[in-house]
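Each remark here refers to the structure printed beneath this line.
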């Protein structure tokens, strides 16, 4: 643990940011997984889950959690999966 006051503050801030970023990434992965499972099971709300998954990917990209190419790749895969 650091001794300098500003370094202590940075540790606290970094822990908060890490928790926030982790939960955001987890939410994105969960949204994608929910869509995949619904598509496999031929559920009725596939379109709604697709939109929420795309939104989660865009949100993660805008916050800098994933790179733009990964966001585009994930969205393309989701769209291709929806069309099947």
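Since every read-out is calculated from the coordinates, none of them should be taken as a lab result. Fair warning: this is a prediction, and the values are worked out from it, not measured in the lab. A quick note on method: Cβ atoms are made from the backbone with ideal geometry, for glycine too, and the neighbour counts reach across all protein chains shown.
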Exception for residue 2 within (1) assigned to a loop (DSSP other than H, G, I, E, B); (2) out of contact with any helix residue (DSSP H, G or I) (no Cβ under 9 Å at 6 or more places or on another chain) falls at (2)
Picking from 53, 31, the residue that is under 22 Å from residue 17 (Cβ atoms) and either in contact with a strand residue (DSSP E or B) (Cβ under 9 Å, 6 or more places away or on another chain) or surrounded by 19 or more Cβ atoms within 10 Å (Cβ to Cβ) (or both) would be 31
Going through the stretch 22-67 in order, the residues found to be part of a loop (DSSP other than H, G, I, E, B), free of Cβ contacts under 8 Å to residues at least 24 places away in the same chain and more than 16 Å from residue 82 (Cα to Cα) are 64, 67
